[in-house]
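Notes for the one structure printed next.
The values are calculated or read from the model by the stated rules, or taken from the named source; none is laboratory data. What you see is a predicted model; the values in this text were computed from it and never measured. Cβ: placed from backbone, ideal geometry, glycine included. Neighbour counts: every protein chain shown. Just so you know, the surface numbers come from the protein's heavy atoms only, side chains and all, with ligands and any DNA or RNA stripped out. Shrake-Rupley method; radii C 1.70, N 1.55, O 1.52, S 1.80 Å.
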Amino acid sequence: MKKLFEWLRKRAMLVIVILAAVLLEVISLVRYQYTRELMERELEKSAFFELVTSALRIQEIMSMAEVAVCNQQWHVEANLDDPEHLNQLLYNMVKDEHDNIIGAALAFKPYYYPLKGRLYEPYARQTEDDACLVQIGSEKHDYTQMLPYQLAMKGEITNWSPAYLDAEGAQTVVTTYAMPIKDESGTPVAVLAVDLDIDWIGEVVNMNHRYPSSFTLVMGDSGELIAGPADSLASPQLVQQIVNMVNDSTVVKEERVNGRVTGFPFVDERGDAGHVYYAVKKKSPRWLMVVVCYDDEAFGKLDQMRGNIMLMALAGLVVLGFIIQLFARSQRRLQETEMEQERISSELRIAKDIQTQMLPRENSIMRSDVGVAGSLVPAREVGGDLFDFFLRDEKLFFCIGDVSGKGVPSAMLMAVTHSLFRSASAHENNPARMMQDINATSCHGNESNMFVTLFLGVLDLPTGRLRYCNAGHDRPLIVRDWMSQGKGTAEVLDAKPNLPVGIFEDVKYEAQEYMLRPGSLLFLYTDGLTEAKNLQHKQFGEERVKGVLQPCSPENRPHLLLQTMTGAVDSFVENAEQSDDLTMLAILYSPETEQDVLSETLTLTNDLRKIEQLNTFIKDVTTQLDMEAKLAGNVRLAVEEAVVNVMNYAYPIGVEGSITLFAKSDRHWLKFIIVDSGVPFDPTKALQVDTTLSVEERPIGGLGIHLVRNLMDSINYERVDGKNILTLRKRIGE
């Protein structure tokens with residue numbers, strides 16, 4: 001042992017070099033394995049992206065064909081009495097609508113046109129440079145026995161069919177999309193269908209690939225090959241090998257990309273290794289999308305790099321000790337720096353979570369008469385934009401704002417402004433006074449001279465009356481008739497700018513009003529939307545915002561609009577860095593028209609002796625609606641308390657005035673509307689009564705409106721045309 005130690009001591013440098021070489025080899029192998037695993041995951045993600053892209057390309061073409069069918073549905077149903085005109089429509093669909101529509105057919109129910117025979121199916125087929133029209137319905141081609149026809153005649157829109165050979169119509173392999181055609185009574189009488197030639201699929205899915213030798217296959221529900229690459233990309237034998245392996249249950253397959261794709265390795269006839277990834281297309285037809293990648297293209301540069309690194313490592317063994325020493329020092333400094341950065345990042349993540357939690361939830365308002373959605377995408381970890389909304393007394397309170405500056409200071413001021421909005425709107429309906437209170441508090445102690453552009457609004461849901469106040473913010477956009485496709489036009493809301501919040505304490509803010517029509521959309525945003533820049537430094541601009549708003553269809557809702565707008569901005573800016581917070585708020589006012597089954601009216605004077613007449617009126621209303629006794633009693637007590645409150649306070653003592661009571665019901669809701677011409681008085685602004693206090697500690701008044709609030713589902717006050725209008729609503733049925 002002593003001799004061994006002596007030998008090692010004399011050859012210490014050689015031992016160090018050998019140990020260093022071994023260590024470098026181990027490090028190289030570990031790095032290589034780790035890097036390969038990373039690249040394999042990137043390859044899986046890339047394959048998944050190519051699968052999604054290929055599926056989207058297919059779906060885009062099929063969606064265009066679906067739109068072509070939907071666009072012709074109304075024309076067909078409107079001209080069922082003119083078969084010749086329908087033939088012309090089919091001819092035009094094939095000739096003009098869509099390059100990939102190889103044929104279109106109308107299959108009528110038997111004997112729909114007696115002169116045409118039992119089976120009548122005109123079919124327009126695409127020719128080399130024109131289109132031709134033939135009648136293919138016959139006993140040999142009995143389309144009434146086909147599943148798409150049977151489903152459509154039941155009133156169902158069929159999905160795309162599996163690929164099949166259409167010997168009678170298209171005379172090639174196609175996939176078909178069909179939908180029912182109904183007569184004036186709503187009864188299906190025919191099926192309108194289009195055929196897509198699938199020859200284009202292979203070319204479309206193999207347009208672009210990350211690697212030169214990669215290619216994509218499309219397989220049907222039963223595992224058959226629908227489309228593949230050109231022979232220049234892959235031989236037919238290789239394509240068939242991949243198809244067989246996908247269908248072979250004995251081949252070991254693994255879930256990849258969090259279970260979104262399935263993958264397995266393969267070796268082709270030349271001995272080259274590769275990987276296969278496949279997934280089922282989400283939308284109909286649910287074909288199997290398969291992408292094939294070769295390992296030499298995916299990892300070849302990595303292998304080459306590993307060899308170069310080893311050569312360089314061997315050349316650097318002479319100065320290895322010095323490098324290790326420097327590396328150790330640098331590693332300690334780097335670790336300290338990373339720990340500090342991680343601490344800062346952790347604190348910023350917590351701040352971001354807190355800021356996100358302050359914003360209202362996506363489904364915080366679940367009502368049929370108004371839809372609200374907001375989104376905030378900060379330019380940094382935390383942002384200085386804000387939005388908020390909530391319901392109180394049948395009114396929607398909302399705001400949107402933009403704090404000057406960026407980063408943590410702006411985020412802190414954003415949180416303060418958000419809290420001030422909630423506090424100011426808790427018992428106040430006038431947006432100008434709310435803005436006044438927020439500004440006064442924001443100016444106090446504002447030594448940093450930061451300010452906030454802010455827009456406040458209060459929307460009365462029963463009437464559509466919008467009251468708002470603007471403090472230097474971008475003016476919102478109004479789209480009237482947004483629910484009517486093609487009719488809505490985005491207009492800028494007339495909003496006086498005023499000064500932003502936090503500049504001068506003595507600013508006088510002015511409120512404005514606007515009557516929202518049913519079906520109107522109010523769209524608010526910060527300048528991060530219009531001033532978003534692309535790589536050419538061009539701004540997104542207000543006109544592009546209007547362009548996204550106008551083509552919205554009736555099925556769209558506010559949250560879908562925000563997704564569409566965000567997608568439009570992302571497409572515009574491409575890879576340009578986000579320079580400002582992007583915040584949007586969309587409000588859709590869509591009150592439903594009630595079908596009243598009860599509508600009664602009572603007019604009283606402000607005389608408490610008329611209460612018996614009021615009770616008789618309410619009893620008659622609840623009796624007509626067959627309300628259960630306890631519920632009817634609660635309604636009577638609440639309405640009586642509200643009317644007595646009007647009698648006592650609406651008119652001066654000794655002055656006689658009238659009070660009109662309207663009772664309306666659609667058997668789901670019972671609504672009482674109390675109208676008087678007295679002095680303005682908003683009972684909903686009364687503070688909540690603390691019933692836990694003793695009689696001596698509790699302030700006088702407020703119990704009446706407290707009782708009404710607890711007995712009714714909602715209470716709403718508006719002053720319109722010199723009249724007080726108090727609305728009480730109670731749900732009486734599902």
query: If you find the alpha carbon centre of the range 372-426 and of the range 238-268, how far apart are they in angstrom?
result: 50
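Would you tally the net charge around G567, using a Cβ to Cβ cut-off of less than 13 Å, leaving G567 out, and scoring K and R as +1, D and E as -1? Walk me through the numbers on the way to the answer.
Working: positive: R544; negative: D570, E574.
After counting each charged neighbour, the total is -1.
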- prompt: Of K154, K533, which has the most accessible area and how do the rest follow, probe 1.4 Å?
  reply: K154, K533
message: Which three numbers, in whole Å and largest first, are the semi-axes of the equivalent ellipsoid of the range 576-632 derived from its Cα gyration tensor as √(5λ)?
response: 49, 17, 12
- prompt: Convex hull over the Cα atoms of the range 435-533, averaged projected area in nm²?
  reply: 7.8
query: Hey, what's the Kirkwood Rh for the range 84-231 if you take every pair of different alpha carbons, in angstrom?
result: 16.6
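Share of the chain's accessible area from carbon and sulfur, percent, 1.4 Å? Numbers along the way, then the final one.
Values: 20830 of 38850 Å².
Answer for the chain: carbon and sulfur cover 54 percent of the accessible area.
Can you check what the net charge comes to around F662, using other residues whose Cβ is under 11 Å from the Cβ of F662 (Lys, Arg +1; Asp, Glu -1)? If you can, show how the numbers build up before the last one.
Values: positive: K664, K671; negative: D596, E600.
Net of charged neighbours comes to 0.
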query: Treating the beta-carbon of each Lys and Arg as +1 and of each Asp and Glu as -1, no other charges, what is the dipole magnitude of the chain about its Cα centre, to the nearest 20 debye?
result: 2600
Stokes-Einstein D for the chain, Kirkwood Rh over Cα pairs, 25 °C, 0.890 mPa s (µm²/s): 74
query: R544 accessible area, nearest 10 Å², 1.4 Å probe?
result: 110
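Distance cut-off 30 Å, Cα to Cα: go down the list K508/K723; K395/K508; K95/K546; K546/K671; K140/K182; K395/K538 and report the pairs above it. Write out the running numbers ahead of the final one.
Values: K508/K723 27 Å; K395/K508 24 Å; K95/K546 34 Å; K546/K671 38 Å; K140/K182 26 Å; K395/K538 39 Å.
Correct reply: K95/K546; K546/K671; K395/K538.
Cβ under 14 Å from L637's Cβ, L637 left aside: what net charge do those residues give with Lys, Arg +1 and Asp, Glu -1?
Numbers: positive: K619, K630, R636, R709, K730; negative: E640, E641.
Charge balance in the 14 Å sphere: +3.
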message: I'd like to know which of S368, I705, S214 lies farthest towards the positive end of the charge dipole of the chain, counting +1 on Cβ of Lys and Arg and -1 on Cβ of Asp and Glu.
response: I705
statement: Along the dipole axis of the chain (charges at Cβ: +1 for Lys and Arg, -1 for Asp and Glu; origin at the Cα centre), the most positive-end residue among I478, L524, Q550 is L524
- prompt: Counting only the heavy atoms of the protein chains, how much of D183 is accessible to a 1.4 Å probe, in Å² to the nearest 10?
  reply: 50
field: Solvent-accessible surface (1.4 angstrom probe) belonging to D607, in square angstrom, nearest 10
entry: 40
Compactness of the range 64-142 as Cα Rg over 2.2 N^0.38 Å, two decimals: 1.08
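Beyond 20 Å, how much of the Cα-Cα pair distribution for the range 126-188 remains, as a whole percent?
On the way: 743 of 1953 pairs.
Considering the range 126-188, 38 percent of its Cα-Cα pairs are separated by more than 20 Å.
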field: Cα centre as origin, Lys/Arg/Asp/Glu Cβ charges: the range 598-658 dipole, Debye
entry: 100
query: In terms of solvent-accessible area of protein heavy atoms at a 1.4 angstrom probe, what is the ranking of R392, R256, highest value first?
result: R256, R392
query: With a Cα-only, solvent-free Debye model of the range 483-641, what are the log10 I(q)/I(0) values at q = 0.14, 0.18 Å⁻¹?
result: -0.86, -1.11
task: Leaving ligands, DNA and RNA out of it, rank K282, K630 by accessible area with a 1.4 Å probe, largest first.
output: K282, K630
field: Solvent-accessible area per residue, Å², over the chain with all protein chains present [probe radius 1.4 Å]
entry: 53
statement: At the level of C-alpha centres, the distance separating the range 24-92 and the range 438-485, in angstrom, is 42
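For the range 148-238, give the magnitude of the charge dipole about the Cα centre (Cβ charges: +1 Lys/Arg, -1 Asp/Glu; no others), in debye to the nearest 20.
Details: 3 positive and 12 negative charges, 63 e Å.
Roughly 300 debye, rounded to the nearest 20.
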